[in-house]
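S.K.: Below is the structure I would like to discuss, written out as structure tokens.
The values are calculated or read from the model by the stated rules, or taken from the named source; none is laboratory data. This structure is a prediction, so every number in the text was calculated from the model and none was measured. Cβ: placed from backbone, ideal geometry, glycine included. Neighbour counts: every protein chain shown. These area figures cover heavy atoms from the full protein model, side chains too; ligands, DNA and RNA do not enter into them. Shrake-Rupley method; radii C 1.70, N 1.55, O 1.52, S 1.80 Å.
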Protein chains: 2
Amino acid sequence: MHPDQLTGMIDRINSFNATPGRGITRLTFTPQYEAARRYLVEEMEALGLTVYVDDIGNLFGSLKGSDPNLPAVMAGSHIDTVNHGGRYDGVVGTVAAVESARRMIREGIKPRNPFIVAVFAEEEGSRFGQVMAGSRALTGLLDRQTLYTLTDSDGTPYSEALDSANLKNINRCPSPANIKCMLEAHIEQSVVLEQRSKVLGIVQSIAGIQQATVTIEGTANHAGATPMAMRSDALAAAAEMITAIEDVGSRRAGPSTVATVGNIDCEPNVSNVISGLCRFSLDVRDSDAEILTDAVSGIRSLCSDISERRGVEVTFTEKPRTEPVTLSRSIGQIFEESARKRNLPYMWMPSGAVHDAAVMAQVTEVGMLFVPSRKGRSHVPEEFTAEEDILAGVEVFSDAVISLCGGS
Amino acid sequence: MHPDQLTGMIDRINSFNATPGRGITRLTFTPQYEAARRYLVEEMEALGLTVYVDDIGNLFGSLKGSDPNLPAVMAGSHIDTVNHGGRYDGVVGTVAAVESARRMIREGIKPRNPFIVAVFAEEEGSRFGQVMAGSRALTGLLDRQTLYTLTDSDGTPYSEALDSANLKNINRCPSPANIKCMLEAHIEQSVVLEQRSKVLGIVQSIAGIQQATVTIEGTANHAGATPMAMRSDALAAAAEMITAIEDVGSRRAGPSTVATVGNIDCEPNVSNVISGLCRFSLDVRDSDAEILTDAVSGIRSLCSDISERRGVEVTFTEKPRTEPVTLSRSIGQIFEESARKRNLPYMWMPSGAVHDAAVMAQVTEVGMLFVPSRKGRSHVPEEFTAEEDILAGVEVFSDAVISLCGGS
């Protein structure tokens, strides 16, 4: 690996950013996104890969295998970000995939299986509101019609944004049946590797996720003239629910359950009026499907009790659930073997964050490799992973790609 | 009184509205506000009043007294609204003042003291963020420089909005020393009159109010990958504080204390990121100054405990406090006498809402009269007061104006 080339690619991708100085914002199909994608196209074409885009907006770069009838080894991640996000989420995995191709070419390694670099569209869901939209559409979990009619905050549909992205070389997306396995490298986005002084995390499972919008209808009224006992305060009810949700995540559910309220909006949202309407997001995750179900139903029941006692109405609108997945043990063992040989400290671990790999696991064998996140911070401008850790990750990752491609 | 004229004025003022069909929005110095003010100018000039505006943007209509050396009786309220507010808050008191002048003129009553109709600017604080800005500037509680540099949500300063309002007849504002007393009619904005089947409320006291902005700094982080025990979640901390604040209002402070959080904003405010920053409003009121002080300091101490336990930072930014005020007993007795004569059911009561009258009470004798609000609702589109109740209120109100002006 050439460290300069690696950090050069990361820097270049992050030079395409809608919010310089305030983290990285590169939403799917925006001009910044398109510029970053164009850069990757050039980079992959320079390596001799066959580059094409599918009708979802996913980008692929394909390296021929010596036996073209064998199913492909796929590796990749995404380059879209949350608003004011970090430099590494998605980018590390994208660069690891391109560098794996570069290494094979540079070292004269001929893969037997075809190798495909994949850059999935709209992983974060930050523009069109559904996470992992690109990989979910590829695997058929999300139908094209639903995908195309998703709209961004300006009302622009996915289909229109995709059209205006000025794509060339539109091709059929790879059929899941022709994919042997999928590998993704990613930053950990938590503190476990750092706290245990490990450079690599070999992912055993990816948490399932249930998101929902919780809407509370109370009665807007004058904040000065309405006695406390006569209120139906939507925000006060939401506050009690948020505390209960936190308690489910911390104590009542499983040891690795997380439950988060990250978004809240009230109406009329002014200081001298009791809140009449409050909407907040719910995000519950666990790698055990049953614990996840129980946690969500526990939260629903607690919120119902609170709303009944307070005389407000509560409505749950659940998004499609992402099931927890168990990743390939044999691919994990390939990572493990490489880490041992290279003398890199590693551990097996679950992932609390969901990834395109979790979606791909519905249709193929999946392996996932984590590198540490400083202080566990992610989805924020302070997101950071040390260069030597990324380098170590890419080395082990490309070892596995070469092994799975039957490279020689 | 002519009921049609009364409701005609209310309808006409409310025809100037930025949000038709979604309540009344008429923010200070906006085109809707200016149109309503122009209508009042025409209405008062048609009655023969001398109309002028002060350098704050307060509107006055003056009726000569037979003894011009006597201090003026002032009556009025405001015509600005909250966002998506109601038809009666402020408008009833404005109309009651104009109708008092009309009645004297129609009935040939000659006041000895001058009579001044006052329409105070920016009572709600909905545009420039400080409640009762117009009356507070008039009485010197708010200095001109501070007033002029207040900005709206677009960054427009008060001074610029005032200039663009195209005022004519700018005059010195009435000196507090030349005001004998100030009267304000208002909707109750609570349920007490309705529940006790009274048509009129004679206000004894107006609650003091302490508003503040509470800012919580936590650590934004990935909602899936960050274990519950390792979070500094600003919104979860805010939720616990909001519940504690409600508890102070409901149980811990005085029997008539109210404590409200009506506004909340979080960053980055997305479902899959733990909240790193949360700001919410605090509004605490009581008619007893000591109870108000204790309630606010109790809230501050509870919030400090919560933030310390959770490892987040909390900052209180308090707005200028409005002191509780006791209103004029003798003016109340004039209202009482009129209500008795007219056979209208009335009661003495405190006001939980603050009003321009509370500010004017710092510099002169003040009387305030309430009419019922259906279901106590106010600051919302459903705000409603029956026409016959408004009519009864205006009759008693104008009786008091005539009595205090020494009309004959």
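S.K.: Only residues that are open to solvent by less than 20 Å² (accessible area, probe 1.4 Å) and of a type outside the set (A, V, I, L, M, F, W, C): list them for the range B:6-17, please.
M.R.: Answer for the range B:6-17, where residues must be open to solvent by less than 20 Å² (accessible area, probe 1.4 Å) and of a type outside the set (A, V, I, L, M, F, W, C): just B:Asn14.
S.K.: Sticking with this one: Do we find a residue being of a type outside the set (Ser, Thr, Tyr), more than 17 Å from A:Tyr88 (Cβ to Cβ) and in contact with a Ser or Thr (Cβ under 9 Å, 6 or more places away or on another chain) anywhere in the range A:367-386?
M.R.: Within the range A:367-386 (the criterion being of a type outside the set (Ser, Thr, Tyr), more than 17 Å from A:Tyr88 (Cβ to Cβ) and in contact with a Ser or Thr (Cβ under 9 Å, 6 or more places away or on another chain)), the answer is yes, since at least one residue qualifies.
S.K.: Right, next: Run A:Pro20 past the list (1) farther than 17 Å from A:Val394 by Cβ; (2) modelled with pLDDT under 95; (3) open to solvent by 30 Å² or more (accessible area, probe 1.4 Å) and report the number of the one that doesn't hold.
M.R.: Failed condition: (2).
S.K.: Out of the residues in the range A:296-323 meeting the condition of being within 21 Å of A:Met132 (Cβ to Cβ) and within 13 Å of chain B (Cβ to nearest Cβ), tell me which one is least open to solvent (accessible area, probe 1.4 Å).
M.R.: So the residue we want is A:Thr322.
S.K.: For the range B:224-236, which residues satisfy the criterion of being within 17 Å of A:Ala253 (Cβ to Cβ), in a loop (DSSP other than H, G, I, E, B) and modelled with pLDDT of 90 or more?
M.R.: Those that are within 17 Å of A:Ala253 (Cβ to Cβ), in a loop (DSSP other than H, G, I, E, B) and modelled with pLDDT of 90 or more: B:Arg231, B:Asp233.
S.K.: From the list B:Gly108, B:Gly65, which residue is small (Gly, Ala, Ser), surrounded by 19 or more Cβ atoms within 10 Å (Cβ to Cβ) and assigned to a loop (DSSP other than H, G, I, E, B)?
M.R.: Criteria check complete, one pass: B:Gly65.
S.K.: I'm checking my understanding of the structure. Among residues of the range A:254-274 that are more than 7 Å from chain B (Cβ to nearest Cβ) and farther than 14 Å from B:Ser271 by Cα, which one is most open to solvent (accessible area, probe 1.4 Å)?
M.R.: Taking the candidates together, the pick is A:Pro255.
Residue-by-condition table, conditions (1) in the same structural domain as B:Met182 (by TED's automatic domain parsing); (2) farther than 29 Å from B:Glu124 by Cβ; (3) out of contact with any helix residue (DSSP H, G or I) (no Cβ under 7 Å at 6 or more places or on another chain); (4) of a type in the set (Ser, Thr, Tyr):
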site: B:Ile291; (1), (2), (3), (4): no, no, yes, no
site: B:Arg300; (1), (2), (3), (4): no, no, yes, no
site: B:Cys303; (1), (2), (3), (4): no, no, no, no
site: B:Arg309; (1), (2), (3), (4): no, yes, yes, no
site: B:Glu313; (1), (2), (3), (4): no, yes, no, no
site: B:Pro324; (1), (2), (3), (4): no, no, no, no
site: B:Phe335; (1), (2), (3), (4): yes, no, no, no
site: B:Ala339; (1), (2), (3), (4): yes, no, no, no
site: B:Met349; (1), (2), (3), (4): yes, no, no, no
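S.K.: Mind telling me which of the residues A:Val98, A:Val91, A:Val131, A:Val41 ends up being within 14 Å of chain B (Cβ to nearest Cβ), of a type in the set (A, V, I, L, M) and touching a residue at least 12 places away in the same chain (Cβ under 8 Å)?
M.R.: From the options A:Val98, A:Val91, A:Val131, A:Val41, the qualifying one is A:Val131.
S.K.: Select from the range B:324-353 the residues that are within 14 Å of chain A (Cβ to nearest Cβ), of a type outside the set (A, V, I, L, M) and surrounded by fewer than 21 Cβ atoms within 10 Å (Cβ to Cβ) and list them in ascending order.
M.R.: Residue satisfying the conditions is B:Pro350 alone.
S.K.: Of the numbered conditions (1) at the interface with chain A (Cβ under 7 Å from one of its Cβ atoms); (2) surrounded by 24 or more Cβ atoms within 10 Å (Cβ to Cβ), B:Ser281 satisfies every one except a single condition; which is it?
M.R.: B:Ser281 satisfies every listed condition except (2).
S.K.: Which members of the range B:154-168 meet the condition of being open to solvent by 80 Å² or more (accessible area, probe 1.4 Å) and at pLDDT below 90?
M.R.: Scanning the range B:154-168 gives B:Asp163, B:Ser164, B:Asn166, B:Lys168.
S.K.: Tell me which residues, restricted to the range B:215-233, are more than 10 Å from chain A (Cβ to nearest Cβ) and crowded, with 24+ Cβ neighbours inside 10 Å.
M.R.: Correct list: B:Ile216, B:Gly218.
S.K.: All but one of (1) open to solvent by less than 20 Å² (accessible area, probe 1.4 Å); (2) closer than 25 Å to B:Gly406 by Cβ; (3) of a type in the set (Ser, Thr, Tyr) hold for B:Thr28; state the number of the condition that does not hold.
M.R.: (2)
S.K.: Another question, then. When the residues of the range A:234-248 are filtered to those that are facing chain B (nearest Cβ under 7 Å) and open to solvent by 30 Å² or more (accessible area, probe 1.4 Å), which remaining residue is farthest from the chain's Cα centre (by Cα)?
M.R.: A:Glu240
S.K.: Can you name the condition, by its number, that B:Arg251 falls short on among (1) more than 8 Å from every other protein chain (Cβ to nearest Cβ); (2) part of a helix (DSSP H, G or I); (3) touching a residue at least 24 places away in the same chain (Cβ under 8 Å)?
M.R.: With respect to (1) more than 8 Å from every other protein chain (Cβ to nearest Cβ); (2) part of a helix (DSSP H, G or I); (3) touching a residue at least 24 places away in the same chain (Cβ under 8 Å), B:Arg251 is out only on (3).
S.K.: Tell me which of these B:Thr94 doesn't satisfy, since it passes every other one: (1) in a helix (DSSP H, G or I); (2) touching a Phe, Trp or Tyr at 6+ places or on another chain (Cβ under 6 Å).
M.R.: (2)
S.K.: Mind telling me which of the residues B:Ala18, B:Ala36, B:Ala46 ends up being among the small types (Gly, Ala, Ser), touching a residue at least 40 places away in the same chain (Cβ under 8 Å) and either outside the structural domain of B:Leu391 (by TED's automatic domain parsing) or out of contact with any His (no Cβ under 9 Å at 6 or more places or on another chain) (or both)?
M.R.: B:Ala36
S.K.: Quick check: is even one residue across the range A:44-51 within 21 Å of A:Ser153 (Cα to Cα), in a loop (DSSP other than H, G, I, E, B) and open to solvent by 30 Å² or more (accessible area, probe 1.4 Å)?
M.R.: no
S.K.: Further, regarding this structure: Could you identify the single residue in A:Ala101, A:Ala75 that is part of a helix (DSSP H, G or I), open to solvent by less than 20 Å² (accessible area, probe 1.4 Å) and modelled with pLDDT of 95 or more?
M.R.: A:Ala101
S.K.: So which of B:Ala177, B:Ala185 ends up being in contact (Cβ under 8 Å) with a residue 12 or more places away in the chain and part of a helix (DSSP H, G or I)?
M.R.: Of B:Ala177, B:Ala185, the one residue that is in contact (Cβ under 8 Å) with a residue 12 or more places away in the chain and part of a helix (DSSP H, G or I) is B:Ala177.
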